[in-house]
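Structure first, then comments.
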Amino acid sequence: MIGFGRYNPFPFRLGGGASTVEDEHSALLSRYEPGYDTSDETAKAAEAYAHASAIATGWALDGRLANQTQPLKMLEALTVWEQATSLRPSADDLDIDRRRSVASKLRGIPNNTVADIAAASAALLGSNFVAANVVPPSDEVVYWPGGPGQPNGGPGPPGYEWSTNRATVQITVTKAGLSDREFDRRMSLLFTMLDGMVPAWMTFTVNLGSGFIVQESLIGEMGL
């Protein structure tokens, strides 16, 4: 049966080795021992525990303050950074999803290479992100107006007279573990993030498969 006491505060801490209070208390008692009786019932032991508690509280406060600069760990600063990055979460958004949105937004502000796009997408979607790929050079297709073969002078097929997949990044995702509603919500967040992050000369597709079609998404979901 778990009891309350010096090292069993509430809520209970189970596992994980000694707590910070225990480590600090033990360290202080070891310094007292040459000159004082440090048995548990003495005033010196109680004094050492009070000091250890104060030190542990300081460590905890420092850790929590440091987390305010890390999007995936921030608490009080979350709403501040949502406002700063123009994010507007809905009332039913989970805190972890809000943190992921901030993390992806901050990643996209200064950087927009394919590696950054992949990292931001992974930060937003977590395990539902699979990969970010570009078209291999051997598969690149470019159509532009001015060539022979079409009534309008363009060499491409109808509807693609001026198009290319050279500057397209493909985000592949998985729907595993998500309901239709939750998946659509996350895809909406992803599209909003990518729209603000991808350079003007680049476009993107999001899909659940492995194909690559210029300006077409293979996601197969209504409303996206």
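The values are calculated or read from the model by the stated rules, or taken from the named source; none is laboratory data. Computed from a predicted model, the values in this text were never measured in an experiment. Accessible surface is based on the protein model in full, side chains and every heavy atom, while ligands, DNA and RNA are left aside. Shrake-Rupley method; radii C 1.70, N 1.55, O 1.52, S 1.80 Å.
By how many nm would the segment from LEU61 to ASP93 lengthen if fully extended, with 0.36 nm per residue of separation less the alpha-carbon distance?
Once the chain is fully extended between LEU61 and ASP93, it gains 8.8 nm.
Determine the order of LYS175, LYS73 by accessible area, beginning with the largest, at a probe radius of 1.4 Å.
If we order LYS175, LYS73 from most to least accessible, we get LYS73, LYS175.
What are the lysines whose alpha-carbon lies under 24 Å from the alpha-carbon of LYS175, with same-chain residues fewer than 8 places away excluded?
Within reach: LYS105.
Compute, for LEU178, the solvent-accessible surface of its heavy atoms (probe 1.4 Å) with the complete set of protein chains present, and express it in square angstrom to the nearest 10.
30
Ranked by accessible surface with a 1.4 Å probe, highest first, in what order do TRP162, TRP81 come?
The ranking, largest first, comes out as TRP162, TRP81.
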